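Trainee: Attaching a single structure in structure tokens format; questions to follow.
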Amino acid sequence: DVCSSDLMSYLSEALALYKQNGDLRGQAITLNNIGATQYDRGYHRDAMRSYQASLDIFHKIGGKQNLALLEHNIGRLHQYKGDYKTAIVIFRAVLATYRAIGDLQHQAHALTDIGSAYQSDDRFDEALAHHEKAAFVGEMAGDRYVYVKALCGIAAAHFGSGRLSMALESYEQAVRLAGEIESLDLKAKALHGMAEIVLRSRGPAAARIYWREAYDIFAQLGVPEAAIVEIRLHALDAPVSGGEGPQPFSP
């Protein structure tokens, strides 16, 4: 995984070259990639502007798959803003396009994003069903990244439904496979999820081990999840003043 600041510098240089050469397709692809990097860093308004600029170019030069990819990314922004209904409508539309053009890889990504939107809306059964479909299609496509991403979604859905042992098993598998494919972001996300489960089953000391490892990776990548995990680590050290104790949230 490349550090996001280094990636942004590289993409900005590439965009300048494409503009200098009048390469509209190169500009559009690079703007989409800039938007994706801005999204990962938490700069969602900037990401929307980059996606929209890319979309405008692809409307001019054509490209069914590229238009679907842009709409897909915009759907993720709607999900982030809490507009799950709009996000799911967009994800289903792009899923239909991916199926029409025979794009298995992006079908799997769309399915897991539908699952994630349902997860965010606390609809855990629907989330689980779509993540399981995503894992199946991702395996068919030979895309191990989206397969591991779907495993994390399966784990989160089990966790949301209170099936802690099944959730932990899926996260453990995700950590192992993420290590095999050298995906730091997915490994950190799975470790973060494991920490939430371990907090409930084995207590703060055990959870801290997983959160510390997740924090180190997120901080290395320079992504907003580092701040979220840092808060969880600080919460472990805070004195409990009564009540039901810390309440877990869906990873």
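Trainee: State whether one or more residues within the range 228-250 are aromatic (Phe, Trp, Tyr) and at pLDDT 85 or above. Quick ask: steps written out before the conclusion?
Mentor: First, pick out the residues of the range 228-250 that are aromatic (Phe, Trp, Tyr): 249.
Going one step further and asking which of them are at pLDDT 85 or above, we end up with none.
Checking the range 228-250: not a single residue is aromatic (Phe, Trp, Tyr) and at pLDDT 85 or above.
Trainee: Report whether or not ARG45 is over 26 Å from GLY102 (Cβ atoms) and surrounded by fewer than 19 Cβ atoms within 10 Å (Cβ to Cβ). Show your work before the answer.
Mentor: On the way: over 26 Å from GLY102 (Cβ atoms): yes; surrounded by fewer than 19 Cβ atoms within 10 Å (Cβ to Cβ): yes.
The answer is yes for ARG45.
Trainee: Do you know which of the residues in the range 38-65 that are under 19 Å from ILE114 (Cα atoms) and touching a helix residue (DSSP H, G or I) at 6+ places or on another chain (Cβ under 7 Å) is modelled with the lowest pLDDT?
Mentor: Ranking the candidates gives ASP40 first.
Trainee: Can I ask one more? (1) surrounded by 24 or more Cβ atoms within 10 Å (Cβ to Cβ); (2) under 16 Å from GLY115 (Cβ atoms); (3) in contact with an Asp or Glu (Cβ under 8 Å, 6 or more places away or on another chain): which one isn't true of MET194, the others all being true?
Mentor: (2)
Trainee: Scan the range 206-237 for residues that are over 24 Å from ILE154 (Cβ atoms), in a helix (DSSP H, G or I) and of a type outside the set (A, V, I, L, M) and jot them down. Give the derivation first.
Mentor: The initial filter retains those residues of the range 206-237 that are over 24 Å from ILE154 (Cβ atoms), namely 208, 212, 216, 219-220, 222, 226-227, 230-231, 233-237.
Adding the requirement that they be in a helix (DSSP H, G or I) leaves 208, 212, 216, 219-220, 226-227, 230-231, 233-237.
ARG208, ARG212, ASP216, GLN220, GLU230, HIS234, ASP237 - these are the residues of the range 206-237 that are over 24 Å from ILE154 (Cβ atoms), in a helix (DSSP H, G or I) and of a type outside the set (A, V, I, L, M).
Trainee: How about the range 173-205: which of its residues are assigned to a helix (DSSP H, G or I) and of a type in the set (Val, Ile, Thr)?
Mentor: VAL175, ILE197, VAL198
Trainee: Out of ALA156, ALA167, ALA127, ALA134, which single residue is touching a Leu at 6+ places or on another chain (Cβ under 6 Å), touching a residue at least 12 places away in the same chain (Cβ under 8 Å) and among the aliphatic types (A, V, I, L, M)?
Mentor: ALA134
Trainee: Something else now. Is it fair to say ILE228 is among the β-branched types (Val, Ile, Thr), within 26 Å of ASN73 (Cβ to Cβ), out of contact with any Ser or Thr (no Cβ under 9 Å at 6 or more places or on another chain) and open to solvent by 10 Å² or more (accessible area, probe 1.4 Å)? Break it down into steps so the answer makes sense when it comes.
Mentor: Working: among the β-branched types (Val, Ile, Thr): yes; within 26 Å of ASN73 (Cβ to Cβ): yes; out of contact with any Ser or Thr (no Cβ under 9 Å at 6 or more places or on another chain): yes; open to solvent by 10 Å² or more (accessible area, probe 1.4 Å): yes.
Answer is yes for this residue.
Trainee: Quick one: would you say GLY160 is at pLDDT 95 or above and closer than 24 Å to ALA117 by Cβ? Spell out how you get there, then give the answer.
Mentor: Numbers: at pLDDT 95 or above: yes; closer than 24 Å to ALA117 by Cβ: yes.
Considered against the rule, which asks whether it is at pLDDT 95 or above and closer than 24 Å to ALA117 by Cβ, GLY160 comes out as yes.
Trainee: Restricting to the range 8-42, name every residue that is among the aromatic types (Phe, Trp, Tyr) and open to solvent by 70 Å² or more (accessible area, probe 1.4 Å).
Mentor: Listed by number, the residues that qualify are TYR10, TYR18.
Trainee: Now a separate question. Which one of these is in contact (Cβ under 8 Å) with a residue 40 or more places away in the chain and open to solvent by less than 50 Å² (accessible area, probe 1.4 Å): ASN73, ASN66?
Mentor: ASN73
The values are calculated or read from the model by the stated rules, or taken from the named source; none is laboratory data. Note that the structure is predicted; figures quoted are calculated from it, not measured. Because the Cβ atoms are built from the backbone with ideal geometry, glycine has one as well, and the counts that use them run over all protein chains shown. Surface accessibility is based on the protein's heavy atoms, side chains included, excluding ligands, DNA and RNA. Shrake-Rupley method; radii C 1.70, N 1.55, O 1.52, S 1.80 Å.
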